[in-house]
Amino acid sequence: MTRKRTTDTTPEGESAGPDRSDSWSSKQEPVGVPSLGLRGTLLFLWRQLTSMQTALVLLMLLAVAAVPGSLYPQRSVNPTLTEQFLDENGKWGEILDTLGFFDVFSSPWFSAIYLLLFISLIGCIIPRVLVHLRQLRSRPPRTPSRLDRFVGHTRIELPAADPEELLGAARKRLRRSRYRTDLREEKRSSSVSAERGLLRETGNLLFHIALVGVLICVAGGQLTAYRGQITVIEGDGFSNSLTQYDSFDSGAWFDSSSLPDFRFTLDDFRATYDTTQTEENFGKPLSFEADVSVDADGDQFSQTLQVNKPLHVDGSSMYLLGNGYAPEITLTDPEGNVVASGPLITVPLGDTGYTSQLVLKAPDASPEQTAVVGYFLPTGTIDDTGPHSSYPDLVDPQVVATVYQGDLGLDSGVPQNAYEVDLSTLTPLTAEGSDDPLLLRLYQGDSTTLPDGSTLSFDGVKRYAAFDVAHDPFERWVLIFALTAVAGLILSLFVPRRRVWVRVTPREGGGAVLEVAGLARSDDPSLADDVRALARTLGTEQDRGAGPGSTNSPEGEAQ
């Protein structure tokens, strides 16, 4: 601090007032802010992460981050549709793929939000649990000195009441109403402090603990669960091994040796359809049933699978996923050798009539490799819209196809889809004297000779069923924790948190003055009426013999 001399410039003849020849000026020095240091910084970040506001924000972010999983195809669910989306969207699809929009639930950013939410919830819950345990063991809060400031305050003079009996009756009645009570002696009076509704906080904590349990179980299920799809034709079977699945997806901690040992045979598949002659109902499926014979560790039994009625074997569940037709087609070469035969799985195109795509590949055919490409029609019709099925059941089954010859590309070493064929390297067979592809229409039992001397026959039709086999060891725990969370939420919403105080002050000359008041931790519109009802009940019980000079009316609630 520096002292500065100033010059007096007051004009002559005017009073200069107090001596201002000296004045003080100071130069403000910067105040140093202490550094948090590494420990302080980490503690600050931890407190921010474990705050309830952060947990709510992370919960909202998790919900937002899950939205792309429902908007874009996911590789784990439908890899074919994902590749189709990428082919159709070019650069935009590549950008989305780089950002992980086609593997949302296994992407680093979704996992980071998930993990931060998990840590935040645990950090919020543990201190609150400790505080709640201390509250459960502690005494109800002491009675305030002025009860007239609280809800429903009622004061009644009871000339004929015994203070000790009145206090005991108040404590007994509060206990019957599930209050925790504590009797307190004061200077000139005695009081009962009562509290109930701690179950509300218990429910709140139970909800958050169950939510953490759900997060743990979902993560555990993603790491250890597996899911596979299989397609089985009537009369054929399936053995539960990795090589038997059409597609299989599992978690990072899945152990293939843990697959349950079971096998089954698809004995029969039945489907019923609506025959009501209306555009909305005609051909609508009514039921699907698959009869299977199961052998699980030597235990043999039969069961009928339906939609939402799966088969449970050793912790695995097998669901009826889809169905279709498998026409029995036989292809022989000009020398009469069978080069392709058997039931052929067709792929429904999605119409109500079950028009299905048919692809038969014969790499051993001679003189050239052969492919039969066309449609299977359960109830065949050919009109201006082309070949299609008008009804999903086997009323008039037909095969409409074209035969191609050339190189099927099976020797290139590149895996191919069994239900697709590249026609760019093949040449269609044509009728004699025509350049148009030969279109074949075969009814069940028909056989035709191709221009090169080969024979194609349509011998019969079988049904096939598609099954989804899934196993999640945490599935039951997810359900248990989810139900627990609902129960905790109900408790936290509908259990009121209340405090009630009853003070009894002895009167000079006998009798007592009763005061009752309450306090709610949340909106509780019935508290004031309950407090007044308690005061009236205690007054009626203890002062039945009061004389005409007694005051037995409530003073009202303090504002």
(Q) Quick check on my filter: what residues within segment 423-481 are small (Gly, Ala, Ser), surrounded by 14 or more Cβ atoms within 10 Å (Cβ to Cβ) and more than 26 Å from ASP407 (Cβ to Cβ)? (A) ALA465, ALA466, ALA470
Q.
Just to check your reading of the model, which residue among SER70, SER76, SER120 is of a type in the set (Gly, Ala, Ser), under 18 Å from ALA219 (Cβ atoms) and within 19 Å of the chain's Cα centre (by Cα)?
A. SER76
Q.
Return the residues of segment 358-371 that are hydroxyl-bearing (Ser, Thr, Tyr) and not in a loop (DSSP other than H, G, I, E, B); say none if nothing qualifies.
A. THR370
Q. Do you know which residues across segment 39-95 are surrounded by 11 or more Cβ atoms within 10 Å (Cβ to Cβ) and of a type in the set (D, E, K, R)?
A. ARG47, ARG75, GLU83, GLU94
Q: Determine, yes or no, whether ILE329 is out of contact with any Phe, Trp or Tyr (no Cβ under 9 Å at 6 or more places or on another chain) and in contact (Cβ under 8 Å) with a residue 40 or more places away in the chain.
A: no
Q) Going through segment 459-480 one residue at a time, which ones are more than 26 Å from SER76 (Cα to Cα) and either part of a helix (DSSP H, G or I) or outside the structural domain of ASP246 (by TED's automatic domain parsing) (or both)? A) ILE480
Q. Restricting attention to segment 233-255, which residues are under 19 Å from PRO79 (Cα atoms) and within 22 Å of the chain's Cα centre (by Cα)?
A. ASP249, SER250, GLY251, ALA252
Q) In the set THR54, THR50, THR82, THR41, which member is more than 30 Å from ASP468 (Cβ to Cβ), at pLDDT 80 or above and touching a Pro at 6+ places or on another chain (Cβ under 9 Å)? A) THR50
**Q.** Contacts under 7 angstrom Cβ, first residue in segment 144-165 being at positive phi, partner in a loop (DSSP other than H, G, I, E, B) and not aliphatic (A, V, I, L, M), 6 or more apart
**A.** GLY152/GLU557
Q. When you scan segment 310-357, how many residues do you find that are more than 30 Å from SER257 (Cα to Cα) and either small (Gly, Ala, Ser) or assigned to a strand (DSSP E or B) (or both)?
A. 22
(Q) Being farther than 30 Å from PRO392 by Cα, modelled with pLDDT under 95, surrounded by 17 or more Cβ atoms within 10 Å (Cβ to Cβ) and touching a Pro at 6+ places or on another chain (Cβ under 6 Å) is the requirement here; does GLY511 meet it? (A) yes
Q.
Of the conditions (1) among the hydroxyl-bearing types (Ser, Thr, Tyr); (2) modelled with pLDDT under 90; (3) part of a helix (DSSP H, G or I), SER492 satisfies every one except a single condition; which number is it?
A. (2)
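The values are calculated or read from the model by the stated rules, or taken from the named source; none is laboratory data. No experiment lies behind these values; they were computed from the predicted model shown. A quick note on method: Cβ atoms are made from the backbone with ideal geometry, for glycine too, and the neighbour counts reach across all protein chains shown.
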